[in-house]
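Presented below is the structure to which this report refers.
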2 protein chains.
Amino acid sequence: MARIAYFGPQGTFTEQAARVLAAGDELVPAETIRLALTAVRHGEADAACVPVENSVEGAVTATLDGLSDADPLVAVAEAILPVHFSVLKRPGTTEIRTVASHPHALAQVRDWLEANLPGATPVASSSTAAAAVGVHAGDFDAAVTAPVAVEHYPLEVVATGVADVSDARTRFLLVRKPGELPEPTGADRTSIVAAAVNRTGTLAELLTELASRGINLTRLDARPTRDNFGEYRFFIDFEGHVAEPRIIDALAALRRRCRNLRFLGSHPRADGIRSTIEPGADNDSFLDATAWVDAVRKGDLA
Amino acid sequence: MARIAYFGPQGTFTEQAARVLAAGDELVPAETIRLALTAVRHGEADAACVPVENSVEGAVTATLDGLSDADPLVAVAEAILPVHFSVLKRPGTTEIRTVASHPHALAQVRDWLEANLPGATPVASSSTAAAAVGVHAGDFDAAVTAPVAVEHYPLEVVATGVADVSDARTRFLLVRKPGELPEPTGADRTSIVAAAVNRTGTLAELLTELASRGINLTRLDARPTRDNFGEYRFFIDFEGHVAEPRIIDALAALRRRCRNLRFLGSHPRADGIRSTIEPGADNDSFLDATAWVDAVRKGDLA
C-alpha cells in the first residue's frame, strides 16, 4: 500500500481529492502544501495530493512555487471536485448563533448563510476542518466544511451542497518523483514551467512554438520570481502527452528557447476532454514530415 | 474634496495605499472590493482604491473580476507598498498568550512569531483590522496589523517592520469612471482585459501583436470566465501609455482580434521604471512610418 501525503488537516477538500486519486492507499495529512511536497522529495511519501487551481480564486500559488523550486516532481493524475460545502452542528444544538469556517469558505457561502441562518455570526477559523473541531469542542455552534469532514467528527449535518456559485471547482494533482509516466489516452494534459528573462516578446515566442504546432493551451499563470518583482516564471498547461510526436517536437523547441524549462507531467484530464487536433498537426503529420526529411537526406526523395 | 472608497475596514494596507494615492481626500471604507468599485460606478464615490497583485499571493482575483464585469472603470494611479506588519497589544499587557490576524497575515509572519512570541497561540480573524478591534475589546492579547492600524485603535506597538519575506509587496490601483487620462511620463503602465474564444493560438496571436511592436509585458493573468472552466479572460499589463503612437497602433491591432477588449487605464508606474523601447519601435518610428505611407498614397514618394 502506497503512502500519500496530502495538504491537511483531515476532513478538507484535499483529503477528499486524495481519496479519489489514491483510493485504498494510506493517506497522511501534512500541515502545508510545501510539507506535502517535501515528504515526497525526502522519500517519506510515495506521492502527494495538492490543490492547483480554483475556478473562483485562481491559481494556488503555494503549489506552483512548490513544484518549480527544489527537486523536480511530476503530476501523474488529477481530480476536479465541485466546491460544495456541508454545514455541520453538534448533535442536539437547537439554536445556531455562531458559524465558523476558513474566511475563503465563509466568503463562498455568504448568500446561503444570510438566507438560511440570518441570525448567526460568522467566525473565521484557520481551516474548514479546524471549524469542525471547534464545533465539537463547543467553541462554535456550526461549521462550514468539506463534505468529508462529517466522517471524522461526530457532528450532525444541517445542510449539504451549500455554495453561492454553484459551479465553483477545484483541480487537484497527484505528484510523484520523476519515473514511469501514465500512458497517453488522447485526453491528456501536459504541464511545464519556464523561467524567462525579462525581454520583450519572450512569452509570445514560447506560446507561438505551441500554437504553430496546433497545441491548445488549457492554463497559463505568470508568477513573479521571489528575487525580482518584474521577472516571471510561466506555468503552462496544454493538451496532449509527452509520448506524442507533436508534443515531443514542441517541447524540444521550448527547450531550445529556455535555459530553465521543467517538465511537470503528462496525465489524463479529469474532465475527459480529448485534445483538439488542428489540420496538419496530428501525430501522423509529424511522423510523415520526419520520415520525408529522412528520405530527402538519404537521397530517396526530393 | 474628492470622496474615495477603499477596500476596508479602517486600519488595513488598502487604507494605507489610499492615503498615498489620495492624500487629503475623504476616505470611505467599503466592506468588499466589489462594493468599493460599485460605489464609483453608482457615483457615490469619485474613485476607489483596491489591491491588484501581491508578490507572494499573486493576482487579487476579486479586483480583476470586478474591473472586467459591469460598467468600465479605468486605473489612473498605482501605489506599491511593502508588506511589513506591526504587532500591537493593549497598553499594560505583560504576557502575550494569543496573537490574532487574518490567516494570510499569520502565514506571512509565522517565523517571526516562533522566534519572538514562541508561547503565543495564533488566532484567525476576518481581517488584520478586526484583530486590532479584538485586542482592544480584550478578546486577544496581540494583533498582527498594517502599520496604519495603530492610528485608529488605542494600542501599543510591540514591533514594526515584521515580515518573514522581507521584500513582499502589494500593488494597489486608484480607479475612476472613464474620463480624462493622466499625462504620459515615459514610465507608464497600460492595462487591458481581453476575452478570447478557446481556439488554438489566440493568446500567442495577441502577445505577438504587442511583441512585434516592441512592447514589453509587465503582467499577464488568465482568469477562467464564470461560465466555462476552459474559457479565459486575459488581463495584460504592458509598458507605455495610450497617448503614444506605438501603443495606439498595438491597441488597434488587438481591437481587430478581440470582440471583447476593455481598456483598464494608462498611468505612471509607482516604481518609476521607464519603458524599454526596442529599435524601430519608438514613437518617432511609428509616426515616420505613417507619414511615409501617407506620402506614398499621395504619390509624393515610392
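For the reader, a short list of remarks on this structure follows.
- Residues A:Asp65, B:Asp188, B:Asp300 arranged by fewest to most Cβ contacts within 10 Å: B:Asp300, A:Asp65, B:Asp188
- Averaged over the residues of peptide A:213-225, the number of Cβ atoms from other protein chains lying within 10 Å of each residue's Cβ is 5.
- Each DSSP beta bridge with both residues in the stretch B:78-224 is either parallel or antiparallel, and the antiparallel ones are about 70%.
- Considering only alpha-carbon pairs that sit under 8 angstrom and 6 or more positions apart, the relative contact order computed for the stretch A:1-50 is 49 percent.
- In order along the stretch A:63-77, phi translates into HN-Hα couplings of 6, 4, 5, x, 7, 8, 8, 6, 5, x, 10, 10, 7, 10, 6 Hz, rounded to whole numbers, per the Karplus curve 6.51 cos²θ - 1.76 cosθ + 1.60 with θ = phi - 60° and x for Gly and Pro.
- Considering all different alpha carbon pairs of the protein assembly as shown, the Kirkwood hydrodynamic radius works out to 26.2 Å.
- Between A:Thr98 and A:Thr121, A:Asp141, A:Ala142, the built amide H atoms are under 5 Å apart, and every one of these is 5 or more places off in sequence or on another chain.
- Cβ crowding within 10 Å averaged over residues, with A:149-162, A:5-18, B:121-134, B:17-30 ranked highest first: A:5-18, B:121-134, B:17-30, A:149-162
- Set of the stretch A:189-226 residues, backbone N closer than 19 Å to the point 7 Å along the Cα-Cβ line of B:Thr225: A:216-220
- Whole-number D in µm² s⁻¹ for the stretch A:132-180, Kirkwood Cα-pair radius fed into Stokes-Einstein, 20 °C, 1.002 mPa s: 156 µm²/s
- For the residues of B:192-204, the average number of beta carbons from a partner chain within 10 Å of their own beta carbon is 4.
- Residue by residue, the stretch B:34-44 carries 3J(HN,Hα) couplings of 4, 5, 5, 5, 4, 4, 6, 4, 8, x, 7 Hz when phi is fed to the Karplus relation 6.51 cos²θ - 1.76 cosθ + 1.60 (θ = phi - 60°); x denotes Gly or Pro.
- The calculated P(r) of chain A, using every Cα pair and 20 Å bins from 0, goes 30, 49, 18, 3, 0 in percent.
- Near A:Leu113: Cβ cut-off under 13 Å, other residues only, Lys/Arg at +1 and Asp/Glu at -1. The net charge is -2.
- Near B:Tyr6, the amide H atoms lying under 5 Å from its own belong to B:Val28, B:Ala30, B:Cys49; only residues 5 or more places off or on other chains count, and H is placed 1.01 Å from N.
- The alpha-carbon atoms of the stretch B:1-159, seen along their principal axes, cover 50, 31, 22 angstrom, with the largest extent given first.
- P(r), alpha carbons of the stretch B:106-253 - 5 Å bins starting at zero, rounded %: 2, 7, 13, 13, 11, 9, 10, 10, 12, 8, 5, 1, 0
- Which of B:Leu35, A:Leu113, B:Leu174, B:Leu287 has the fewest Cβ neighbours within 10 Å, and the rest in rising order: B:Leu287, B:Leu35, A:Leu113, B:Leu174
- The amide H of B:Ser125, built 1.01 Å from its N in the peptide plane, has B:Ser101, B:His102 as neighbours under 5 Å, considering only residues 5 or more places off or on other chains.
- Between A:Asp164, A:Asp271, A:Asp288, the GNM of chain A built on Cα springs shorter than 10 angstrom shows A:Asp288 fluctuating the most.
- Fluctuation leader among A:His241, A:His104, A:His267 - chain A, Gaussian network, Cα springs under 10 angstrom: A:His104
Computed from the coordinates by the stated procedures, all read-outs in this text should not be read as laboratory data. Keep in mind the model is a prediction, meaning the values are calculated, not measured. No Cβ is skipped: glycine too gets one built from the backbone with ideal geometry, and neighbour counts run over all protein chains shown.
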